[in-house]
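Trainee: First, the structure itself, so that you have it in front of you.
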Amino acid sequence: MTGLIRNPWVVVAAYNEAPVVGTVVSGIRRAGYAVVVVDDGSGDRTGDVALLAGAVVVRHPINLGQGAALQTGIEYALEQRADALVTFDADGQHSPAAIAALLAAIEQPGIDFALGSRFLTGATANLPVSRRILLSAALWFTRASTGLPVTDTHNGLRAMTARGARAISLRQNRMAHASEILHQIAQSRLRFVEVPVNIEYSAYSLGKGQRITDALTILIDLFARRLYR
Amino acid sequence: MIAQLLLTAFLALVLVYAWSAHRTVPIIGLLAGGAALAGLYFVWVPEHATALAAFAGIGRGSDLIVYTWVVISLLIMLNLHIKLRLQLDMITRLARAVAIDRAKDMLGRKAEAPPIELQAKK
């Protein structure tokens, strides 16, 4: 960092991630960042584990979904006067080392969003073929519907300035929030850059990831959202 | 004549429903209103319903009215679905406010509490 960002917060949405969330939070804390973990109504000890690892924990009383949890974390971080926010997955597939690169990207003048991309440098490990096909279809849909020339979509690793975060208001509670963010970035006309990031797929993170059937649910959610104010 | 009056009463209720739905879900209000008006027209000018049904290949005008009714029912179901989503929206905001307030309260209590060593000495 060049010093323009003074109070960055990392937002982690977590649901039943007790086996890994402690390691994830410790890694981010060791890298020197404040972390808010939004425990999305977990049935296990996710919130307690995150708290012990050094995170601020905001607990949803009921399970609402990853999109809702991220919005909660964003609002909490903004209340703590965060001047930059990074969204980070709880399942251990992101590297804390990527946070500095994302923050450096939004320190450039006029840039409000830095979106992690798995495909800029082929920065993926163990990405299964079925997941690659699903992501390609999602990418095509996102490019067609937002007009944004992104190379990756549904990547949970992104950074935004406080101004960018205030322009985002997620109302897609579940998985469609990743497309919704890109739609809102396009509508806000704020500038973004993509930053190559490594995603380390493990058996654990693949077990938690989206399936092909989820794509239909996401499409229905996005369509239904357009019907009401 | 009795059937015509009953259908008119039902369709008038649908029009009122469409008007109220229009405020929150404009597209549903518009479609349900349009379908109800078309239904009213066909109820009172059945020969046009028959002509349109023949043109559309449905067969009888009464079938067309039934189909119109089915469309209205589906639109009402879609509206209910959207209303459930709006309710979830409100629940989400409420749960978020509760979660953030609790987290701030907990941090506030931590900041106010004396260090553990001091508590032990007391």
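Each value in this text was obtained by applying a stated rule to the coordinates, not by laboratory testing. All values reported here derive from a predicted model rather than from experimental measurement. When we count neighbours, we look across all protein chains shown, and the Cβ atoms used for this are built from the backbone with ideal geometry, even at glycine.
Trainee: Please give me the summed charge of the neighbours of B:Met77: other residues whose Cβ is under 15 Å from its Cβ, Lys and Arg +1, Asp and Glu -1.
Mentor: Numbers: positive: B:Lys83, B:Arg85; negative: none.
Taking every Cβ under 15 Å from that of B:Met77, the sum is +2.
Trainee: A further question follows. Read phi for every residue in the stretch A:77-93 and hand back ³J(HN,Hα) as whole Hz from Karplus 6.51 cos²θ - 1.76 cosθ + 1.60, θ = phi - 60°, with x for Gly and Pro.
Mentor: Running phi through 6.51 cos²θ - 1.76 cosθ + 1.60 with θ = phi - 60° gives 5, 5, 5, 8, 6, 4, 9, 8, 10, 10, 9, 9, 6, 8, 8, x, 8 Hz.
Trainee: Okay, next question. Consider a paramagnetic label point 7 Å from the Cα of B:Ala56 along Cα→Cβ; state which residues of the stretch B:1-39 have an amide N under 11 Å from it.
Mentor: B:35, B:38-39
Trainee: Tally Lys and Arg at +1 and Asp and Glu at -1 over the other residues with C-beta under 14 Å from the C-beta of A:Ile28: what net charge comes out?
Mentor: -1
Trainee: Which residues does the label zone of A:Arg191 cover in the stretch A:1-32, counting backbone N under 18 Å from a point 7 Å along Cα→Cβ?
Mentor: Inside the label zone: A:2, A:4-5.
Trainee: Quick check on packing: order A:4-13, B:84-93 by the mean number of other C-beta atoms within 10 Å, highest mean leading. Write out the running numbers ahead of the final one.
Mentor: On the way: A:4-13: 21.0, B:84-93: 13.9.
Highest to lowest by the protection proxy: A:4-13, B:84-93.
Trainee: Here's something else I'd like to know. Would you order B:Val45, B:Val25 from fewest to most other beta-carbon atoms within 10 Å of each residue's own beta-carbon?
Mentor: Numbers: B:Val45 12, B:Val25 22.
Ordered from fewest to most neighbouring Cβ atoms within 10 Å, B:Val45, B:Val25 come out as B:Val45, B:Val25.
Trainee: Still on this structure, please answer the following. Okay, helix-only estimate at 222 nm for chain A: each DSSP H run of n ≥ 4 adds -39500 (n - 2.57), divide by all residues, round to 500 deg cm²/dmol; what do you get? Each step should come with its number before you reach the end.
Mentor: Details: 9 runs with 100 residues, N = 229.
Taken over chain A, the calculation gives -13500 deg cm²/dmol.
Trainee: Follow-up. Provide the FRET efficiency to the nearest 0.05 for the A:Trp140-B:Ser73 pair, computing r from the beta carbons and using R0 = 35 Å.
Mentor: Numbers: r = 36 Å, r/R0 = 1.01.
It comes out at approximately 0.50.
Trainee: Here is a follow-up. Say R0 is 45 Å: what FRET efficiency, to the nearest 0.05, do B:Lys104 and A:Thr151 get from their beta-carbon distance? Could the numbers behind the result be given before it?
Mentor: On the way: r = 39 Å, r/R0 = 0.86.
Calculated transfer efficiency: 0.70.
Trainee: Here's a follow-up. Grab the other residues whose beta carbon is less than 13 angstrom from that of A:Val58, score K and R as +1, D and E as -1, and report the net. Don't skip to the end; give the middle numbers.
Mentor: Numbers: positive: A:Arg59, B:Arg96, B:Arg102, B:Lys104; negative: A:Asp39, A:Asp40, A:Glu75, A:Glu79, B:Asp101, B:Asp105.
Net charge in that neighbourhood comes out at -2.
Trainee: While we're looking at this one, here's another question. Starting from the Cα gyration tensor of chain A, take the square roots of the eigenvalues, sort them a ≥ b ≥ c, and report rounded, prolate or oblate (rounded when a/c is under 1.5, otherwise prolate if a/b is larger than b/c, else oblate). Don't jump to the answer; show the numbers that get you there.
Mentor: On the way: a/c = 1.26, a/b = 1.10, b/c = 1.14.
Rounded, because the longest to shortest axis ratio a/c is under 1.5.
Trainee: 5 Å is the cut-off here: which amide hydrogens, built 1.01 Å from N in the peptide plane, fall below it relative to A:Ser42, excluding neighbours closer than 5 in sequence?
Mentor: A:Asn16
Trainee: In whole percent, what relative contact order does chain A give with Cα contacts below 8 Å and a gap of six or more residues?
Mentor: Working: 440 pairs, mean separation 52.1, N = 229.
After rounding, I find 23 percent.
Trainee: Moving on to the next point. Which order do peptides A:109-117, A:216-224 fall in by mean Cβ count within 10 Å, highest first? Show your work: numbers first, answer last.
Mentor: Working: A:109-117: 20.0, A:216-224: 14.6.
Packing proxy ranking, top to bottom: A:109-117, A:216-224.
Trainee: Please compute the modelled spin-label separation between A:Asn7 and B:Leu80, points set 7 Å along Cα→Cβ, answer in nm with one decimal.
Mentor: Between B:Leu80 and A:Asn7, the simple spin-label model gives 4.8 nm.
Trainee: Still on this model: Based on the mean of other beta carbon atoms within 10 Å per residue, what is the order of A:66-77, A:156-167, B:101-112, most packed first?
Mentor: Averaged packing, sorted descending, gives the order A:66-77, A:156-167, B:101-112.
Trainee: Moving to a separate point now. What does the C-alpha gyration tensor say about the overall shape of chain B? Classify as rounded when a/c is under 1.5, otherwise prolate if a/b is larger than b/c, or oblate.
Mentor: Here chain B falls in the prolate category.
Trainee: Now a separate question. Please state the shape class of the stretch A:25-134: rounded when a/c is under 1.5, otherwise prolate if a/b exceeds b/c and oblate if not, all from the C-alpha gyration tensor.
Mentor: Note, shape of the stretch A:25-134 comes out oblate.
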